[in-house]
Amino acid sequence: MDVQQLVLSTADGGRLAVTRWPGAGPAVVLLHAGVADSRSWTAVAEALLDDGLDIVAYDRRGFGASPAAEPTSTFTHVADLIEVLDDLALDQVFLVGNSMGGALALDAALLHPDRVTGALLVGAGVSGMTDEDTPFDWQPDPASGPLIERADDPSLSVDARIRALAHLWLDGPAAVEGRVDGEARALFQTMNRTILEVGAPHSAGDAGVDAWTRLSELTVPVLSTWGELDLPCDLPFYEETARRIGQGPGRVLPAVAHLPGLEEPELVAGLIRDAAPHPRHR
């Protein structure tokens, strides 16, 4: 089937840009990182076209082609996700979440376990995580710290901030700048130019789940993965996330950083192929 480009309206008047690669098999929803939008999943979805999966990716509010929420809106990203599933008549789905998309996958699995068959986490965040409640002392490492400062500095030009963001999240801070080049880097730059121009608050859409203290409550299968070249200061966090979930030690993905779907789409497609289950019967 042809790829479907949709715009769905939310109950509060928001608009979500959705891409669907229809298939007869299990439904898989791809949730993008906070330094990306749904286009970061295109190569992964295309690598899975022969697998018959029903694949969906969408731009959260303030990313890609989805406008930011109005300042007075009380929307949550979890509620938006459920609206997308309802609008597309998807009863149960397998969630794949990268970074902030991983945090959304975990929140959804805790709040709506009947709608989630399982989750694949890729360098996932976790809502409610605090530095005080960890067995490690989170401090920016020498490679990451200066890049984080430049990426967050509003006094710098957009181009300078995007350059820092690309080194930090796409290449990996300890890797050579420009390690990931070509179409992947160009797409990263395009996505982040929109993100910086829109400037949606990072806290927008928070559902208040505080999953960090509830990971052991997950009842669906969850596979935690992260890139070998991701921020060194975040690696203990990913390990602790997997430990708290209690479904295995997690998997380190070799020679990739925070956005494996951009730089090695076949690698992530293989993980999805192996992990996505058939829907459960109620």
Placed amide H near L31: partners under 5 Å, 5+ positions off or other chain: V96, G97, N98
Helix-only mean residue ellipticity at 222 nm for the chain, each DSSP H run of n ≥ 4 adding -39500 (n - 2.57), per residue, nearest 500: -9000 deg cm²/dmol
Theoretical gain in end-to-end length, E266 to R193 [0.36 nm per residue, Cα-Cα removed]: 23.7 nm
Selected from L259, I272, A174, residue furthest toward positive end of dipole (segment 143-282; charges at beta carbon): I272
Note, ³J(HN,Hα) from phi for segment 32-38, Karplus 6.51, -1.76, 1.60, rounded to Hz, x at Gly and Pro: 7, 6, x, 10, 7, 9, 4
Share of carbon and sulfur in the accessible heavy-atom surface of the chain [1.4 Å probe, %]: 52
Segment 115-206: proportion of alpha-carbon pairs further apart than 23 angstrom, %: 38
Compactness of segment 121-274 - radius of gyration and Dmax, Cα, Å: 16.1, 45
The chain - accessible surface per residue (Å², probe 1.4 Å): 44
Isotropically averaged projected area of the chain, using the convex hull of Cα atoms (one quarter of hull area), nm²: 14.1
Two-site FRET efficiency, Q247 against E46, from Cβ-Cβ distance with R₀ of 30 Å, rounded to 0.05: 0.55
Spin-label pair Q139/D114, simplified geometry with 7 Å Cα→Cβ offset, distance in nm: 4.9
Cα gyration tensor category, rounded, prolate or oblate, for segment 1-42 with a/c compared to 1.5: oblate
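The values are calculated or read from the model by the stated rules, or taken from the named source; none is laboratory data. Because the structure is a prediction, the values reported are computed rather than measured. Note: ideal-geometry Cβ built from the backbone for every residue, glycine included; neighbour counts use all protein chains shown. Keep in mind that these areas ignore ligands, DNA and RNA; they rest on the heavy atoms of the full protein, side chains included. Shrake-Rupley method; radii C 1.70, N 1.55, O 1.52, S 1.80 Å.
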